[in-house]
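What follows is a single structure, written as structure tokens, with notes after it.
The values are calculated or read from the model by the stated rules, or taken from the named source; none is laboratory data. No experiment lies behind these values; they were computed from the predicted model shown. Neighbour counts are summed over all protein chains in view; Cβ atoms, including those assigned to glycine, are modelled from backbone coordinates with ideal geometry.
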Amino acid sequence: MKYLGVDPGEKRVGLAVSDPEGKMAMPLGVIDEADGAAQVDEIIEAARLNEAESIVVGMPYTLRGEVGPAAQRVEEQVELLRRQTDLPVHTHDERFSSGIAEHVLLEADVSRAGRKRHRDKLAATVMLQSFLDRQRQEEPGEVR
């Protein structure tokens, strides 16, 4: 199954897409839109254009694993997504995806402007890969 990964933010939304088998996540792009409803429209369009069969939205829980203001905003977007598309919409913990993305970009010696440009889509990729890995771990009858 092909997935579209979404790392929502207040100003930008990072996007990633999986391979058709749902094993590997790759960066896709960024939605530069602050309006939540417009973000949802663009997420649905990205899913259609990339032939995604499912959408995975990163949930920004607090460090204690609780639903804070950012996660409440994302929950509202997830509900809007579910009302506007027939695709399954999953959520996945993305607490550390932005930090991991920033670390990777720093290690690659990417400039500050480059980090800003790539952070969101890389964070979406980290979150989606985490989701895909968990899906594979939970598959029944898998030989390890």
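If ASP19 meets every condition in (1) more than 17 Å from GLU75 (Cα to Cα); (2) touching a Phe, Trp or Tyr at 6+ places or on another chain (Cβ under 8 Å) apart from one, which number is that one? The single condition ASP19 does not satisfy is (2). If you go through the range 38-94 and pick out every residue that is without any contact (Cβ under 8 Å) to a residue 40 or more places away in the chain and assigned to a strand (DSSP E or B), you end up with 4.
Of the conditions (1) within 23 Å of GLU138 (Cβ to Cβ); (2) of a type outside the set (A, V, I, L, M, F, W, C); (3) in contact with a helix residue (DSSP H, G or I) (Cβ under 6 Å, 6 or more places away or on another chain); (4) free of Cβ contacts under 8 Å to residues at least 24 places away in the same chain, GLU21 satisfies every one except a single condition; which number is it? Condition (3) is where GLU21 drops out. Among the residues of the range 46-76, those identified as modelled with pLDDT under 95, surrounded by 13 or more Cβ atoms within 10 Å (Cβ to Cβ) and of a type in the set (A, V, I, L, M) are MET59, VAL67, ALA70, ALA71, VAL74.
Give the residue, chosen from GLY5, GLY9, GLY14, GLY22, that is assigned to a loop (DSSP other than H, G, I, E, B) and either in contact with a strand residue (DSSP E or B) (Cβ under 7 Å, 6 or more places away or on another chain) or at pLDDT 95 or above (or both). Step through it out loud before you land on a result.
Values: GLY5 fails: assigned to a loop (DSSP other than H, G, I, E, B); GLY9 fails: either in contact with a strand residue (DSSP E or B) (Cβ under 7 Å, 6 or more places away or on another chain) or at pLDDT 95 or above (or both); GLY14 fails: assigned to a loop (DSSP other than H, G, I, E, B).
Going through GLY5, GLY9, GLY14, GLY22 in turn, just one is assigned to a loop (DSSP other than H, G, I, E, B) and either in contact with a strand residue (DSSP E or B) (Cβ under 7 Å, 6 or more places away or on another chain) or at pLDDT 95 or above (or both): GLY22.
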